[in-house]
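Structure record follows, encoded as structure tokens.
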Amino acid sequence: MSKLFKWTKKHISTLIFSLIFAVIAPFTFSFVPMFTKYIFNVVLGHEGGDSKINLPRFLIDYFDKFNGLQAILVVGIALIIYQALRGIILFFNGYFRGRLAESIAFDIRSKMYFKIQNFSYLKQKNMQTGDLIQRCTSDVDTVSSFVSSQVTELIRISALLVFSAWQLSQISVELMLVTLVIAPIMLVISIIFFKHVKKIFTNIEEREAEMTTKIQENINGVRVVKAFNQEINEIEEFDRKNRAFRDTSYKLGQSSALYWGATDFLAMLQYGVTMIVAIFLAKANQLSTSDIITALMYIGPLIFPIRGLGRVISEFGKTIVSANRIEEIVQEESEYEVNGNLKPKIKGKIEFKNVSYTFPDSKEQLFKDVSFKINPGETVAIVGKTGSGKSTIANMLVRFLEANEGEIFIDGVNIKDIEKHWLRSNIGLILQDPFLYTGTVYENINIGNRNPETKVVSAANVAAIHGDIASFDKGYYTLVGEKGVTLSGGQKQRISIARMLLLERPVLIFDDSLSAVDTKTDYKIRQALKEANQELTSIIITHRITTAKQADKIIVLDGGIVTNIGTHEELVEKDPLYKSLWDIQGDLEETFNKYVEEAVA
Amino acid sequence: MSPLVIILLSMLVLNIILILFYIVYSKKRTKNIDIDERGEQTKFKFSVWKKIIKMMIKKPKNIILMLVFGVLLALLDVIFPLINAGAIETFFREGNFDQTKYYIVYYILFAIACMIIVNRHILYAVRVDRQLAYDIRKETFNKLQELSFSYYDKTEAGWIMSRMTSDSTRLSRIISWGLFDIVWGSLNMLFSLVVVFILEYRLALIILFLIPALTVISLFFRTKILDSYRKVRKTNSMVTSSYNEAMLGSQTTKSLVLEEYNKESFDNLAGKLKKESIRANYFSSMFFPILLVASYVSVVAIMYIGGNLTIQGLVTVSGLYLAINYARMFFDPIMQVARILAELQQAQASAERIVGLLELEPEIHDSEEIKEKFGTILHPKKENYLEIKGNVEFKDVSFAYLKDEYILKNFDLKVKQGTSVALVGATGSGKTTIVNLLCRFYEPTSGEILIDGINYKDYSIGGLHSSLGYVLQTPHLFNLSILDNIRYGRPEATKEEVEEVAKLIGAHDFIMKLEEGYDTFVGEEGSMLSLGERQLISFARALLVNPKILVLDEATSSIDTKTEEAILKAIDVVMKGRTTFIVAHRLSTITNVDKILVIDQGKIKEQGTHNELLQLEGEYYELYKNQFIEETIDKSSKKAES
């Protein structure tokens, strides 16, 4: 429960207002029939204000000053004014409810977004997007409408019952008691029904999902369907799913029809019983004509809203489940809970000192005692087999992951003491599979629109993507991302390089981020980078030996340790893994020519 | 002037003002309507509705019953106050208590009638609603099976999905319940008016004059509310995609240190959603109070005029009670009817889109003559299909997707039965178009394609496809068992036959290793299997139909060496003895084919066997060299792994 109400704390005044109006609205409603009663008294030729009219004394005194038609006119106009005032109250009732719901929804949405962004690297790798999206959308709606709709509705309906009962008791206590006989039964039936209906709903949703999947499958596989001539079987298969969905919906119709029919029956029966009792009261001269006409106006509000109460109560469970699901995200640890506070000037002197790493869910150590040094302005390549921990080194350098043992120093400062945002603003990690945001190519390169167009174009030129972009119909204004054009892996990689270049990081890490670019372009980009910034420190993780070859220094990772560090010439001599990779990849053109010779011969 | 005339005149003026206001508002609204909302217009389109109604009245039973119970419900609603009025008159005015027992019976009967009518009307309305949705989906799906490939090329899958799901659901709900509510609502109003009219025409006039005002107010608010919620929904879907981006792009965001920037734009968006939602709520909160006050103006008018008449003895007390009661309840049916009228605009947009889809004619279709002989896709005469041997000839074929933008021009190609051809070339060179034409997914703009010397149109679409096998670049599997996936093209095949082809392809072993063997479900899009396994299954699927012509759109994505060997073997198996067209991306897979064509801008640039082309040292040589180098790097780093 506390999880549900914690979101309202900030909006306590809005909550109080909506609760106040939820009580005032039915309270003011309960006086409306009293005006009618006065008018009927006049019409019937009685004194206007009788003892059973529950209106403020001054109002009755004022009405009593008039007679006949004039009295009707005055009371009538008073009634219209009263309803207009009530209209304002009703408006505020709805307004505050909506405001409360939306304010809470905004807070939860914003908080969830913040939390999701700050998930740790490992948490992010393991999460399921679909489930999270549901937590951020339908669960948020459920929780935000709980306080605003369910709680206020509960209060409003209860108040309506209490005030109507109170007013009816002014006319006749017996009548009030009789009318309430059916209330508990209706309430129980309603709760049972709405719980039952939930099950059918789940069933319907499942059938619908099956049907939707079938459609999706058919559309995506249209080539197969047509080439294999299976249109008729597809139609039959779809018809089965379509029919199953329709038939479960029929079941919901049946249950609803039964419920509304039965409760309407009870309600009408209750009406009848009340009327019969009223007739006996009339026989005993305890109820006048204007009494019964007024009483009739209170019976409806006493009988029908109870069904709504049943619905609200039955939805409680669902809300608590949603609140828990949201809470799980909100309670998730932010990666910035572990952070440093230093913001040193970073030039690119990097030192790994006996660093070891083991993934939390793994028993085997990924690597141990890794040590190496990188000097500012150097280009360093890291090579090794897949799974040797090359990317982990990159992730450690931007503190996506933290070393289990050993220390990492950046320009002499222990990386654990460096503030993470600061660190990442200086060490740019370029991913193998980069993400492009919904928007234009231009917006994706020029993040935050901080640079002039000329700089954007020159960055695109360095990343060898300008030509591609220029060939698009809309050039730099081509939409990418979810709704935009599909770019090839290489194009995405190059855009992400251009984007990072504009941010002017002193250190760049290419985590296999040219893998989908051909060898020639790969070379061109690296050359252009060198020319553009002589001081750049770059770390290139690659499986292309030809790329590694040109680095100032190559680090070879194998079997969880650094086997060797050196230049290409040195490593070819002494490192067996490096040598074998070079032998296969080394002089590729020559290998190819040999192949052609053999093939042609 | 009598008070009644004053009241009626002022109501008339009010009505005119309201109606004028509404006309101006509607005009302005139509002008401002979002261009994005494809076809969302305010103009009523009869032809569209005719189609939908036609679809509905195919099964009239439920509709008639629904409407009958709608009429009965309206009667019921009008009768109840009559019983009460009777009770008031009999017992409270006349003091005639002998009739008590009759009234006990009336009330019980009424409760029973209420139960039955409420129960039935819901039941039938749900049926009409669901049946219509079912029919719309069924017809749309049938149409989708008929439509040619060009339609799918031009239309996003998501767009089709919305027609099949949200549009069909919304349309059928609005139409069925709308029809019910209109009948119920208008009859409810009519019956109450008739009762009051019989009672005292002057009171009926007051109620009658109220109708236009209430309707206009309701319509105004309903459209306002619908419009504002449409905006809310749009923003809401943007919020959802923001979440999606935050999740998928998290690592990128962090390495660019964009968290704060993104959070700011998200908060702006969420703030916009909040503002729009509050605004939408603003209108819906205003709606009811305004209607309430408007209807009470007439209630009070009736109290005043009716009270006077009662005092004069022209109307009974219970009559006055009745008139007030009806006037008080009058806004309910009006609200419902106005809701329907506003929603119909929305529904019309859905209806237009669905009818538009249903009226599409497939671009590729057989001539009447051919249909006569071989049947249609949905009603084939398979026994008449001609046998195909597999000699394929492209004769002076040109093709353009768009007018004058030729992908293929004067293309000639002869392939003898049982031989294989590989098509090589850059994206957009026309190689995919060639196989699309061969499969008759598209037809040549000019020239003709001959199969065994006969124009391929003379085989009928179904006839051609029954001799055709197709293996896709990204193998599309259905969420069925492996068994049913393999026999997708020939559902009547036995398990033994399936196993036999699986063994030939080399898929049998991995299938048997799965817990449920051939009965294993492959998941959506075959997600339970690896890419290589899916490819093997799609080879088996093609092999089982034993096609005379096989189209292989070969995979681009790299797979591990072992699977690649398996696939190369599978390709050899399926090619044997049939005419094969391979759209090749990885050149290492086609070194064995009979002929390689290098396609460039819709023309054959080089042709010959693998070795011949290497010797030529032309385009193919260059292409092959680049791929050779890439693959060597790939392989060596993979070899290093193992």
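Cα centroid separation, the stretch B:579-612 to the stretch B:61-121: 83 Å. In terms of surrounding Cβ atoms within a 10 Å radius of their Cβ, B:Leu109, A:Leu366 rank from fewest to most as B:Leu109, A:Leu366.
Distance from the alpha carbon centroid of the stretch B:511-542 to that of the stretch A:204-279 works out to 33 angstrom.
If the only charges are +1 at each Lys and Arg Cβ and -1 at each Asp and Glu Cβ, what is the size of the charge dipole of the stretch B:307-389 around the Cα centre, to the nearest 20 debye? Each step should come with its number before you reach the end.
Details: 8 positive and 12 negative charges, 118 e Å.
Value, rounded to 20: 560 debye.
Summing charges over neighbours of B:Gln251, with a neighbour being any other residue whose Cβ is under 15 Å away from its Cβ, gives +2 when K and R count +1 and D and E count -1. Beta bridges assigned by DSSP with both partners in chain B are antiparallel in approximately 55 percent of cases. In the distance distribution for the stretch A:335-423, Cα-Cα pairs more than 16 Å apart total 54 percent. Per residue, chain B reaches -21500 deg cm²/dmol at 222 nm when only DSSP H runs of four or more residues are counted, each adding -39500 (n - 2.57).
Tell me, A:His46, B:His379 in order of fewest to most beta-carbon neighbours within 10 Å? Display every interim value, and only then the final one.
On the way: A:His46 14, B:His379 9.
Least to most surrounded, the residues fall as B:His379, A:His46.
D by Stokes-Einstein for the stretch A:1-72, Kirkwood Rh over Cα pairs, 4 °C, 1.567 mPa s: 86 µm²/s.
Counting only other chains, and only Cβ atoms inside 10 Å, what mean value do you get across the residues of B:485-491?
Numbers: counts 0, 0, 0, 7, 7, 3, 2.
The mean count of partner-chain Cβ atoms within 10 Å per residue comes to 3.
In plain terms, the C-alpha convex hull of the stretch B:126-185 casts an average shadow of 4.3 nm² when viewed from every direction. For helix A:289-303, what angle does its Cα long axis make with the longest principal axis of chain A, in degrees from 0 to 90 and rounded to 10? Taking the Cα atoms of chain A, the angle to A:289-303 is about 20 degrees.
Let me make sure I get this right: for the stretch B:358-405, a, b and c are the square roots of the gyration tensor eigenvalues over alpha carbons, sorted descending. Under 1.5 in a/c it's rounded, otherwise prolate if a/b > b/c, else oblate. Which is it? Oblate, because a/c is 1.5 or more while a/b does not exceed b/c.
Peptides B:562-569, B:575-582 ranked from most to least packed by the mean count of surrounding Cβ atoms within 10 Å: B:575-582, B:562-569. Placing +1 on the Cβ of every Lys and Arg and -1 on the Cβ of every Asp and Glu, with nothing else charged, gives the protein assembly as shown a dipole about its Cα centre of roughly 4420 debye. For helix B:201-248, what angle does its Cα long axis make with the longest principal axis of chain B, in degrees from 0 to 90 and rounded to 10? Taking Cα atoms only, the helix is inclined about 30 degrees. For chain A, the longest principal axis of the alpha carbon atoms and the long axis of helix A:32-43 meet at an angle near 20°. For the stretch A:1-62, build the charge dipole from Cβ charges (+1 Lys, Arg; -1 Asp, Glu) around the Cα centre, then report which of A:Phe5, A:Ile60, A:Thr28 sits farthest towards its positive end. So the residue we want is A:Phe5. Start at zero, step by 10 Å, and the Cα-Cα distances of the protein assembly as shown spread as 2, 7, 13, 17, 16, 14, 11, 8, 6, 4, 2, 0, 0 percent across the bins.
Local charge for A:Pro506 was computed over the other residues whose Cβ lies under 13 Å away, with Lys and Arg +1 and Asp and Glu -1, and equals +1. Legend: mean number of C-beta atoms from other chains within 10 angstrom of residue C-beta atoms, peptide B:263-274, equals 4.
Charged neighbours of A:Val330, selected by a Cβ distance under 12 Å, balance to +1 (K, R count +1; D, E count -1).
Dipole magnitude for chain B: about 2600 debye, using +1 per Lys or Arg Cβ and -1 per Asp or Glu Cβ, origin at the Cα centre. Listed peptides B:509-517, B:271-279, A:296-304, B:149-157 appear in the order A:296-304, B:271-279, B:149-157, B:509-517 once ranked by packing, highest mean of other Cβ atoms within 10 Å at the front.
Of the peptides A:29-39, A:253-263, the ranking by mean beta-carbon count within 10 Å, highest at the top, reads A:29-39, A:253-263. Farthest toward the dipole's positive end in the stretch B:384-480, which of B:Asn391, B:Gly469, B:Leu450, given Cβ charges of +1 (Lys, Arg) and -1 (Asp, Glu) about the Cα centre? In the stretch B:384-480, that residue is B:Gly469.
Counted over the stretch A:144-297 with a bin width of 10 Å, the fraction of Cα pairs per bin, in whole percents, is 9, 23, 21, 16, 12, 9, 6, 3, 0.
Summing -39500 (n - 2.57) over the DSSP H runs of n ≥ 4 in chain A and dividing by its residue number, what mean residue ellipticity at 222 nm do you reach, to the nearest 500 deg cm²/dmol?
Values: 27 runs with 378 residues, N = 601.
When only DSSP H runs of four or more count, the value is -20500 deg cm²/dmol.
Ordering B:Gln607, A:Asn126, A:Leu168 by the projection of their Cα atoms onto the charge dipole of the protein assembly as shown, which places +1 on the Cβ of Lys and Arg and -1 on the Cβ of Asp and Glu, puts A:Leu168 at the extreme positive end.
Within 10 Å of each Cβ in peptide A:250-260, how many partner chain Cβ atoms are there on average? Round it to a whole number, please.
Numbers: counts 6, 1, 2, 9, 5, 1, 5, 10, 5, 3, 6.
Neighbouring Cβ atoms belonging to other protein chains average 5 per residue here.
Bear in mind that the values in this text are calculations on the coordinates, not laboratory data. Since we're looking at a predicted model, the values are computed, not measured. Every residue, glycine as well, gets a Cβ built from its backbone with ideal geometry; the counts of neighbours run over all protein chains shown.
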